[in-house]
Amino acid sequence: MMHKCFISFKTEDSLYKKKIQDELDVDMIDKSLNEAIDSEDEDYIMRKIREDYLSDSTVTIHLIGSYSAENNQLQNQTYIKRELQASLYNGKDNTKNGILGVVLPSMYEKIFKGQSKCLICGGTHNIVAINDETVVKEFSYNYYIPKSIGCAWDEEDRYCVLVNWDDFENNPNKYIDMAFDKRSSLISSKTKVKP
């Protein structure tokens, strides 16, 4: 099934955006912003992005690179934060998007930390560092939605879908479909637009 996808990215990661658009076999209607909006007014720029690109998209592909962290003091995160907020908003003239986080190779070691034995259940869990040091809060909160029971998050406990670039590159449609399906899942009601 073809989905309308918006790609949220930092300028430094634009090569990966181009690869998705030009090289990968992706069944999508591309709703991404490809030309800069000619304005210095942030509110105007975001209104145009919401109205012209995000309002009828269904999946936001969020590229997670070295410049995407909440705590990155050298980068202004206004646009990716507001793009994800608009993607999570469900209201008049805007439906909530599924959110697909694609971890770029430069972030593999910072995010994927291997496995660890759990002191609570005795099982083994994957350690995935999705926090202010790796992503913006709009992604981290909706990936690790607070819960009252259990020691680890299962796929149904998360709204955001996460995949590394290599797996995404091999089968992009699988992960886009997974993000799209989250829109109608039970966890969809627990998302926050502004954590």
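Read-outs: derived from the displayed coordinates by stated rules, not from any lab. Small disclaimer: the values here were computed from a predicted structure and weren't measured. Neighbour counts are summed over all protein chains in view; Cβ atoms, including those assigned to glycine, are modelled from backbone coordinates with ideal geometry.
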Practice task
Give the long-range amide H neighbours of residue 129: residues separated by 5 or more places, or on another chain, with amide H under 5 Å away, using H modelled in the peptide plane at 1.01 Å from N.
Solution key: 112, 113
Exercise for the section: Give the long-range amide H neighbours of residue 4: residues separated by 5 or more places, or on another chain, with amide H under 5 Å away, using H modelled in the peptide plane at 1.01 Å from N. Expected result: 29, 58, 59
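Going by how many other Cβ atoms sit within 10 Å of their own, how do 141, 79, 44 line up, fewest first? Before the final figure, lay out each step's value.
Details: 141 21, 79 17, 44 12.
Listing 141, 79, 44 from fewest to most nearby Cβ atoms yields 44, 79, 141.
Nearest 20 debye, what's the magnitude of the dipole of the range 70-165 about its Cα centre given +1 on Lys and Arg Cβ and -1 on Asp and Glu Cβ?
Details: 10 positive and 11 negative charges, 16 e Å.
The dipole magnitude comes to about 80 debye.
Only Cα pairs under 8 Å and at least 6 apart count here; give the relative contact order of the range 3-190 as a rounded whole percent. Let's see the in-between values first.
Details: 304 pairs, mean separation 42.7, N = 188.
Relative contact order comes out at 23 percent.
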Exercise for the section: Give the span of the range 3-190's Cα atoms along each principal axis, as three whole-Å numbers ordered largest to smallest. Expected result: 55, 35, 34
Completion exercise
Per GNM of the chain with C-alpha springs under 10 angstrom, the most fluctuating residue out of 139, 168, 112 is 112
Problem - Only Lys, Arg (+1) and Asp, Glu (-1) charged, at Cβ; the range 3-190 dipole about Cα centre in debye - result: 700 debye
Practice task
Select from the range 34-116 those GluC sites (Glu not before Pro) which occupy a DSSP coil region and have at most 15 other Cβ atoms within 10 Å, ordered by residue number.
Solution key: 35, 40
Practice task
Place +1 on the Cβ of every Lys and Arg and -1 on the Cβ of every Asp and Glu in the chain, take the dipole about the Cα centre, and give the residue among 171, 130, 63 whose Cα lies farthest towards its positive end.
Solution key: 130
Completion exercise
For the residue 52, residue 109 Cβ pair and Förster radius 30 Å, calculated FRET efficiency rounded to 0.05 is 0.20
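Please report the antiparallel percentage of DSSP beta bridges with both residues in the range 3-190, rounded to the nearest 5.
On the way: 5 of 22 bridges.
The antiparallel proportion sits near 25 percent.
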Exercise for the section: Take the Cα pairs of the range 88-143, get the Kirkwood Rh, then feed it into Stokes-Einstein at 20 °C and 1.002 mPa s and tell me D in µm²/s. Expected result: 158 µm²/s
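Can you sort 125, 62 by how many other beta carbons sit within 10 Å, fewest first?
Numbers: 125 14, 62 28.
Placing the least packed residue first, the sequence is 125, 62.
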Fill in the blank from the handout: Most exposed to least, judged by fewest other Cβ atoms within 10 Å, 10, 48 sort to 48, 10
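In deg cm²/dmol, rounded to 500, what helix-only [θ] at 222 nm does the chain give when every DSSP H run of at least 4 residues adds -39500 (n - 2.57) and the total is split over its residues?
Details: 7 runs with 56 residues, N = 195.
Helices in the chain give a 222 nm mean residue ellipticity of -7500 deg cm²/dmol.
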Handout entry: Net charge of Cβ neighbours under 12 Å - reference residue 56; Lys, Arg +1; Asp, Glu -1
Key = 0
